[in-house]
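Step one of this worksheet: look at the structure below.
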Amino acid sequence: GAGPARAPVHYRATAVMDYKPDICKDFRDTGYCGYGDACKFLHDRSDYKSGWQLERDWEESQKKKAHDEALVAMGEAEAAPAADDGLPFACLLCREPWHKGSRPVVTKCEHYFCEKCALGHFKQTRRCYVCAEQTGGIFNHAKNIQAKVDARAEAQAAAAASSEMTEELVAEYEASQKKAACRGSTSGWTYM
C-alpha cells in the first residue's frame with residue numbers, strides 16, 4: 001500500500017546500548033552462563049553502583065567525617081588513630097596476625113611475612129610468594145610492623161594494669177563498706 005506504514009501494536013521494540021561488549025551479559029544479569037569456563041566473554045563478579053548511589057555514599061561519608069571532626073574539636077570524642085597505614089595486619093603466607101614471636105620480615109618487593117614462613121618458602125623457591133619476583137634471599141627486619149606489634153602489646157598491658165588497679169580499688173571500697181557496716185550499730189560498740 002501507499003502511504004506511511006503504521007507501527008505494529010503487537011510488540012514494543014527496545015534498543016539496548018552495549019557499552020561493555022567484553023562482559024558476559026548472561027553472567028552479569030543472572031550470575032549463570034551456559035558456556036561456563038569456555039565462555040569467551042568476561043565473567044565479572046564485581047558489584048556495580050549507579051552514579052547517584054556513589055554520590056550518596058560519598059556525601060554520607062563526608063557528613064560522618066565532618067561530624068566526627070566536630071566532636072573531636074569540642075572535646076566530646078577522642079581522635080581516632082589512622083588505621084590505614086598500608087601495612088598488612090597478618091603474615092601473607094600463614095595468615096596469622098602479627099604477635100611478639102612472629103618476627104616479621106620484608107622482602108625487596110615490600111611484601112611482609114613472618115620469618116619462619118619466609119625462610120620455609122625460600123627453601124622451596126627463591127621467588128616472592130605474592131608477586132613471584134626474585135628475592136635474592138634478602139629478608140630485612142620489618143621495623144614498622146614490629147613497632148606496631150610492640151605498641152599494641154604496650155596498650156594491652158596498660159589496659160590490663162588499669163583493670164587490675166580498678167579491681168583493687170573495688171576490693172578496697174567493698175572492705176571499707178564492710179567495716180562501716182560493722183561499725184554501724186546504734187549502741188556505738190561492736191565486737192570485731
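The values are calculated or read from the model by the stated rules, or taken from the named source; none is laboratory data. Quick caveat, the model's predicted, so the values are computed rather than measured. Cβ: placed from backbone, ideal geometry, glycine included. Neighbour counts: every protein chain shown. What goes into the accessible areas is simple: the full protein's heavy atoms, side chains included, and nothing from ligands, DNA or RNA. Shrake-Rupley method; radii C 1.70, N 1.55, O 1.52, S 1.80 Å.
Under a point-charge model restricted to the Cβ atoms of Lys and Arg (+1) and Asp and Glu (-1), what is the dipole moment magnitude of the chain relative to its Cα centre, in debye to the nearest 20? Show your work: numbers first, answer last.
Details: 26 positive and 28 negative charges, 155 e Å.
Using only the charged Cβ atoms, the result is roughly 740 debye.
If I stretch the segment between C39 and E174 completely, what's the gain in nm (0.36 nm per residue apart, minus their alpha carbon distance), one decimal?
Details: separation 135, 0.36 × 135 = 48.60 nm, distance 7.36 nm.
Extra length from C39 to E174 when fully extended: 41.2 nm.
Using a 1.4 angstrom probe, figure out how much accessible area the chain has per residue, in square angstrom, rounded to the nearest whole. List each step's numbers first, then the result.
Values: 16280 Å² over 192 residues.
Accessible area per residue, the chain: 85 Å².
Leaving out same-chain residues fewer than 8 places away, which aspartates and glutamates sit with a Cα under 15 Å from that of K143?
Answer for K143, where 15 Å is the Cα cut-off: D85, E110, E115, listed by chain and number.
Using a simple spin-label model with points 7 Å from Cα along the Cα→Cβ vector, what separation in nm is obtained for K64 and H99?
Going by the 7 Å Cα→Cβ label model, 3.1 nm.
Order the peptides 159-171, 25-37, 108-120, 88-100 from the highest to the lowest mean number of other Cβ atoms within 10 Å of their residues.
108-120, 88-100, 25-37, 159-171
How many angstrom lie between the C-alpha centres of segment 115-131 and segment 52-74?
What the calculation gives is 43 Å, centre to centre.
Return the carbon/sulfur percentage of the accessible area of the chain, one whole number, probe 1.4 Å, all protein chains in place.
On the way: 9060 of 16280 Å².
Ligands and nucleic acids excluded, carbon and sulfur reach 56 percent.
For the chain, set up a Gaussian network in which alpha carbons nearer than 10 Å are linked by springs, and say which option among A147, A181, A77 fluctuates the most.
A181
Going toward the positive end of the dipole of the chain, with +1 on Lys and Arg Cβ and -1 on Asp and Glu Cβ, which of T166, A7, A118 do you reach last?
Among T166, A7, A118, the one farthest towards the positive end of the dipole of the chain is A7.
May I ask you to list the aspartates and glutamates whose Cα is less than 17 Å away from that of K65, ignoring any residue fewer than eight positions away on the same chain?
E55, D57, E76, E78, D84
Pairs K63/K148; K25/K49; K100/K148; K20/K49; K64/K148; K20/K40: which are spaced more than 21 Å apart, C-alpha to C-alpha?
Check vs 21 Å cut-off fails for K63/K148; K64/K148.
Quick one, can you get me the convex hull of the C-alpha atoms of segment 21-149 expressed as volume per residue in Å³? Provide the component values of the computation, followed by the final result.
Working: hull volume 25.7 nm³, N = 129.
Considering the Cα atoms of segment 21-149, their hull volume per residue is 199 Å³.
Please name whichever of P104, A90, S46 sits farthest to the positive end of the charge dipole of the chain, dipole taken about the Cα centre and charges placed at Cβ: Lys and Arg +1, Asp and Glu -1.
S46
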